[in-house]
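A.B. asks: Below are the structure tokens for one structure; questions will follow.
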Amino acid sequence: MRVEVHLWSGLRSLTGGLEKVSVEAASTGELLAALARDYPQLAPVIDAGVSVAVDGRIIASSLTEPLGPDNEIYLMQRLKGG
Amino acid sequence: MALDDHKTTGFKFIGTRPDRPDGLDKVTGRALFGADAQAPGMLHGAIVRSPHAHARILRIDTTAAEALEGVKAVVTRADFATGLSGEFGFVLENVMAGDRALYDGHAVAAVAASSALIARDAAKLVQVDYEILPHVTDVDAAMVDDAPVLNDTYADATVPAGLHPNVVRYHESGHGDVEAGFAAADLIVEDSFKTEATHQGYIEPHACLATLGADGKGELWCTTQGHWIAQKTCAALVGIDTSQLRVTASEIGGGFGGKTTVFIEPVALALSRKANRPVKIVMNRSEVFRATGPTSSTSMDVKIGMMKDGTITAAQGVFRLQGGAFPGAPMEFSAMCAFAPYNLENVKQVGYDVISNRPKQAAYRAPGAPMASFAVESVIDDLCKQLGLDPIDTRLKNAAREGTKASYGPRFQRIGLVETLEAAKAHPHYTAPLKPGQGRGVSCGFWFNHGGETSVSLALSEDGTCQISVGTPDIGGSRASMALMAAEVLGIAYENFRVTVADTATLGYNDVSHGSRVTYASGLATIKAAQDAVAKLCKRAAAKWGIPEDAVYWEDGFAKPSGANAGNFDPIPLAEITKDMGSTGGPISGHFEATPEGAGVSFGTHIVDAEVDPETGKTAVVRYTVIQDAGKAIHPTYVEGQFQGGAAQGIGWALNEEYVYGEDGRLQNSIFLDYRVPVASDLPMIDTVIVEVPNPGHPYGVRGVGETGIVPPLAAIANAVSAAAGVRLRHLPMSPPRILRALRAQASEG
């Protein structure tokens, strides 16, 4: 299943200028793996830690959240706090 | 989580204000903090610190120190693990320097001796030969072409080509076309701002007691916001298996994000291993300031375009944060939070993480957000003034709502910003008359909040009382909140619970008490653990009645048959079931482990009145009101305390607190006498309004409240002070000298 994922624009330089990419993924874990595979320059960014927002719900670290083609998906920088 | 798990009204215990469970211990001095631990044969540790901002370490001679009577061990970097990378590598470099001292106060060696006095004397005998290197402590100066290079390998793949090697991370996000948006504006305000580094200012200095044997088994007692991360980090830094180190969190005297990492703990463990004795280290205040994490200092540019009716047409911000000598300044949060309160068609935010010769920054409540909010909300205030608009109406006009595309990308779920603004507008404070020399400021603020790995265990006793083990150190009243949530599920009184912060050997992994996550995540886990216990209680009642388990339900502390078909049985109270639990199937407990991912974001709106003395530049905050969305206030008194604490710390940050570095790169004000935090006489009574817009990701609607409260104060106070002084203040803190300079500059400009 292909899903579209929005990247933060600072990652354009690592995706050939794209801010929105399409990858094969049915879960957040598959999404991150697919991004690292299809856009290898994103791998260190993903390894450093990212979060994923699915329809506005921010998934801080779970790799098992299901994804569907109609979900609005955003890659975000990893959340932490004080 | 199934919707039928949710409950947002009709509470019996939630929302009440019972006595705090740690109250007696704290007022009688019985509570055990980091420095209160003792052990037979205990040694005392002292750290040798660099007096230089940047220097190559040529040689460390420990001979004289080791020869001093009473000295049992001296450690340097050679006594720690090698080959660490990533954050562990940065933390190791920070807790014990390698080949270079990177800031004034950087640890370079440590001593353990039979008394604290001997340890301090021995530390002075450690001879360190330095080659002094050029240094830089200012964020803008660290980015210019000829700035001293701290490390040319830290920059990650996101940093655009051509920037100075001290720029180690880069963030850019937004949507729309800001140039088109600015072209559509009736008025554009563009301005630049700076904020100085501040410290979290917790009362309790870092302290620990460590034991580590030659067998690789260790014990650590420390003041921390997260003992599992302390366990994991310390084990890596001293090169032992994680599970062989048991860490117990002491009572904590404040953290605010500053105790989410380790500083002295790995050093104490390394000393203990070398001396084969327990080692205690307690920082003095100067060490806390010089060597633990303050906030980033910042330099920011913000540009906003607005139409005459108050509609924002475009917004753009550049946020430069220095985070000390290592990557990690929270510039992405500055960028993502800056414009989050507003529904913007065209927005762009850029962040730079810059390294400098200062201590490694640490989180401080909503890291990165307060500074960005200061810059953005100051510009909005200027726009409102120039266009003759009401500041709250203007914010309402542009406010983010459910479904709004956030400035950082995704659409908001249910949020409560509008409710906080409407409550602010309706509050008597907003329309109260001001006296001459006074000004009023308002500001909104946003923070994400967090879930994180969480484990909770709950055990019932034969007498019908209950013990709850959580793994999140209680930094904001969580023991009371957990007891209230469990009481709501089990239907027995709050007083029947005892909540304990368990050590790392007795509970599953728990993320740090940070990100305003504890009441949300540990609370959710406590509710689920209590529901697990309730299911077992119902099963025992079903067995007693000889009916199916699903024919029993739980209400107000009783097992009850679910209807006439289930049978005509008298309800059984909890204590009646637990009385015989050993002989009816064994102990009854409940457990829950998960990484909850439904932490709801939160917003706040603050109103501040300030008075400025134009002769001295001294500012008095004369009235303050905090309005914030808590989702659901479990224990309202603690929620109000969090709101008030955020405002109090914000007042210090806005008006007086700052790290002052000399030309030599050394910290000039490393004690509370010279680093001025607000005291009670500096503060007005801080009024609070709790807004409750339930978070759909928590069974009772909870949103974290620990961090959002420090986001609006800097801007709200700056807007009030600027109104009172008649001049825009662009540099925090707005200390009397800075206010006088601004007044004189305005006078000289005519």
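The values are calculated or read from the model by the stated rules, or taken from the named source; none is laboratory data. As the structure is a computational prediction, the values presented were derived from the model and not from experiment. All Cβ positions, glycine included, derive from the backbone under ideal geometry; neighbour counts span all protein chains shown.
A.B. asks: So which residues in segment B:177-199 are in a loop (DSSP other than H, G, I, E, B) and surrounded by fewer than 17 Cβ atoms within 10 Å (Cβ to Cβ)? First the steps, then the outcome.
C.D. replies: The first filter runs over segment B:177-199 and keeps only residues in a loop (DSSP other than H, G, I, E, B), leaving B:177, B:184-186, B:196-199.
Passing the criteria: B:D177, B:A184, B:D186.
A.B. asks: In segment A:61-77, what residues are facing chain B (nearest Cβ under 8 Å) and in contact with a Pro (Cβ under 9 Å, 6 or more places away or on another chain)? Walk me through it before giving the result.
C.D. replies: Filtering segment A:61-77 for residues facing chain B (nearest Cβ under 8 Å) gives A:61-62, A:65, A:72, A:74, A:76-77.
Across segment A:61-77, the qualifying residues are A:E72, A:Y74, A:M76.
A.B. asks: While we're here: Listed residues A:D47, A:D55; which is acidic (D, E) and within 12 Å of the chain's Cα centre (by Cα)?
C.D. replies: Residue meeting the stated conditions: A:D47.
A.B. asks: Related question: Considering (1) facing another protein chain (nearest Cβ under 10 Å); (2) more than 29 Å from B:I710 (Cβ to Cβ), say which one A:K80 fails and leave the rest.
C.D. replies: Failed condition: (2).
A.B. asks: Looking at segment A:28-44, which of its residues are facing another protein chain (nearest Cβ under 7 Å) and under 9 Å from the mean Cα position of the chain (by Cα)?
C.D. replies: none
A.B. asks: If you don't mind, another one. Anything in segment B:44-66 that is touching a helix residue (DSSP H, G or I) at 6+ places or on another chain (Cβ under 6 Å) and over 30 Å from B:G324 (Cβ atoms)? List them, or say none.
C.D. replies: Selection gives B:A64 alone.
A.B. asks: Of all residues in segment B:223-240, which are in a helix (DSSP H, G or I) and of a type in the set (A, V, I, L, M)?
C.D. replies: B:I229, B:A230, B:A235, B:A236, B:L237, B:V238
A.B. asks: Something else now. Scan the strands (runs of 3 or more DSSP E) fully inside segment A:14-74 and keep the ones with 2 or more residues being small (G, A, S).
C.D. replies: Working: elements: A:20-24, A:50-54, A:57-59.
In segment A:14-74, A:50-54 are the strands (runs of 3 or more DSSP E) which contain 2 or more residues that are small (G, A, S).
A.B. asks: Can you pull out the residues in segment B:618-648 that are surrounded by fewer than 24 Cβ atoms within 10 Å (Cβ to Cβ) and either at pLDDT below 95 or polar (S, T, N, Q) (or both)?
C.D. replies: B:T637, B:Q644
A.B. asks: Moving on. Working only within segment B:200-222, note down all residues that are of a type in the set (A, V, I, L, M, F, W, C), surrounded by fewer than 24 Cβ atoms within 10 Å (Cβ to Cβ) and either modelled with pLDDT of 95 or more or assigned to a strand (DSSP E or B) (or both).
C.D. replies: B:I203, B:A207
A.B. asks: Is it true that some residue in segment B:543-559 is within 14 Å of chain A (Cβ to nearest Cβ) and either on the phi > 0 side of the Ramachandran plot or of a type outside the set (V, I, T) (or both)?
C.D. replies: no
A.B. asks: Any residue that is assigned to a helix (DSSP H, G or I) and either in contact with a strand residue (DSSP E or B) (Cβ under 8 Å, 6 or more places away or on another chain) or at positive phi (or both) - is there at least one of those in segment B:668-678?
C.D. replies: No, every residue in segment B:668-678 fails to be assigned to a helix (DSSP H, G or I) and either in contact with a strand residue (DSSP E or B) (Cβ under 8 Å, 6 or more places away or on another chain) or at positive phi (or both).
Listed here are the residues, each with its yes/no results for (1) away from chain A (no Cβ under 14 Å); (2) outside any loop (DSSP other than H, G, I, E, B); (3) β-branched (V, I, T).
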residue: B:R290; (1), (2), (3): yes, yes, no
residue: B:T298; (1), (2), (3): yes, yes, yes
residue: B:R320; (1), (2), (3): yes, yes, no
residue: B:L344; (1), (2), (3): yes, no, no
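A.B. asks: Just checking, how many residues over segment B:627-651 are within 16 Å of B:A718 (Cβ to Cβ) and in contact with a helix residue (DSSP H, G or I) (Cβ under 6 Å, 6 or more places away or on another chain)?
C.D. replies: 4
A.B. asks: Also, quick follow-up: Is it true that some residue in segment B:112-124 is away from chain A (no Cβ under 14 Å), more than 23 Å from A:Q41 (Cα to Cα) and assigned to a loop (DSSP other than H, G, I, E, B)?
C.D. replies: Yes, segment B:112-124 has at least one match.
A.B. asks: Determine the pairs where a residue that is exposed (fewer than 12 other Cβ atoms within 10 Å of the Cβ), located within segment B:548-562, has a partner that is part of a strand (DSSP E or B) with Cβ atoms under 9 Å apart, the partner being 6 or more residues away or on another chain.
C.D. replies: So the pair list comes out empty.
A.B. asks: Test B:G368 against the criterion of being touching a Pro at 6+ places or on another chain (Cβ under 6 Å) and either under 26 Å from B:T260 (Cβ atoms) or crowded, with 24+ Cβ neighbours inside 10 Å (or both), and give yes or no.
C.D. replies: yes
A.B. asks: Let me ask something additional. Hey, among the residues in segment B:139-165 that are within 14 Å of chain A (Cβ to nearest Cβ) and either at positive phi or among the acidic types (D, E) (or both), which one's surrounded by the most Cβ atoms within 10 Å (Cβ to Cβ)?
C.D. replies: B:D156
A.B. asks: Taking segment B:67-109 only, how many residues are in contact with a helix residue (DSSP H, G or I) (Cβ under 9 Å, 6 or more places away or on another chain), closer than 17 Å to B:L237 by Cβ and in a helix (DSSP H, G or I)?
C.D. replies: 10
A.B. asks: OK, next. Any residue at all in segment B:571-588 that is among the small types (G, A, S), touching a residue at least 60 places away in the same chain (Cβ under 8 Å) and out of contact with any Lys or Arg (no Cβ under 7 Å at 6 or more places or on another chain)?
C.D. replies: Within segment B:571-588 (the criterion being among the small types (G, A, S), touching a residue at least 60 places away in the same chain (Cβ under 8 Å) and out of contact with any Lys or Arg (no Cβ under 7 Å at 6 or more places or on another chain)), the answer is yes, since at least one residue qualifies.
A.B. asks: Residues B:A270, B:A275, B:A291, B:A315: which one is modelled with pLDDT of 95 or more and within 30 Å of B:A183 (Cβ to Cβ)?
C.D. replies: From the options B:A270, B:A275, B:A291, B:A315, the qualifying one is B:A315.
A.B. asks: What residue, of B:Q231, B:Q225, is closer than 30 Å to B:G83 by Cβ, within 14 Å of chain A (Cβ to nearest Cβ) and either touching a Ser or Thr at 6+ places or on another chain (Cβ under 7 Å) or charged (D, E, K, R) (or both)?
C.D. replies: Details: B:Q231 fails: within 14 Å of chain A (Cβ to nearest Cβ).
Of the residues listed, the single one that is closer than 30 Å to B:G83 by Cβ, within 14 Å of chain A (Cβ to nearest Cβ) and either touching a Ser or Thr at 6+ places or on another chain (Cβ under 7 Å) or charged (D, E, K, R) (or both) is B:Q225.
A.B. asks: Same structure, new question: Pull up segment B:582-608, narrow it to residues that are buried (at least 24 other Cβ atoms within 10 Å of the Cβ) and in contact with a Leu (Cβ under 8 Å, 6 or more places away or on another chain), then point me to the one that is nearest to B:K544 (Cα to Cα).
C.D. replies: B:I588
A.B. asks: Could you go through segment A:31-40 and let me know if any residue there is closer than 23 Å to B:Y352 by Cα and surrounded by 18 or more Cβ atoms within 10 Å (Cβ to Cβ).
C.D. replies: No, segment A:31-40 contains no residue that is closer than 23 Å to B:Y352 by Cα and surrounded by 18 or more Cβ atoms within 10 Å (Cβ to Cβ).
A.B. asks: Also, quick follow-up: With segment B:361-429 as the region, which helices (runs of 4 or more DSSP H) entirely inside it contain at least 1 residues that are more than 10 Å from chain A (Cβ to nearest Cβ), closer than 22 Å to B:A648 by Cα and out of contact with any Gly (no Cβ under 6 Å at 6 or more places or on another chain)?
C.D. replies: Filter on segment B:361-429 gives B:369-387, B:417-426.
A.B. asks: Considering only residues that are within 14 Å of another protein chain (Cβ to nearest Cβ) and crowded, with 24+ Cβ neighbours inside 10 Å, look in segment B:446-465 and name the one that is farthest from the chain's Cα centre (by Cα).
C.D. replies: B:T454
A.B. asks: Going through segment B:705-724 one residue at a time, which ones are polar (S, T, N, Q) and within 14 Å of chain A (Cβ to nearest Cβ)?
C.D. replies: B:T708
A.B. asks: Let me ask something additional. Can you confirm whether B:G697 is within 14 Å of another protein chain (Cβ to nearest Cβ), within 28 Å of B:S735 (Cα to Cα) and either outside any helix (DSSP H, G or I) or touching a strand residue (DSSP E or B) at 6+ places or on another chain (Cβ under 7 Å) (or both)?
C.D. replies: no
A.B. asks: State whether one or more residues within segment B:326-337 are away from chain A (no Cβ under 13 Å) and over 18 Å from B:T260 (Cα atoms).
C.D. replies: no
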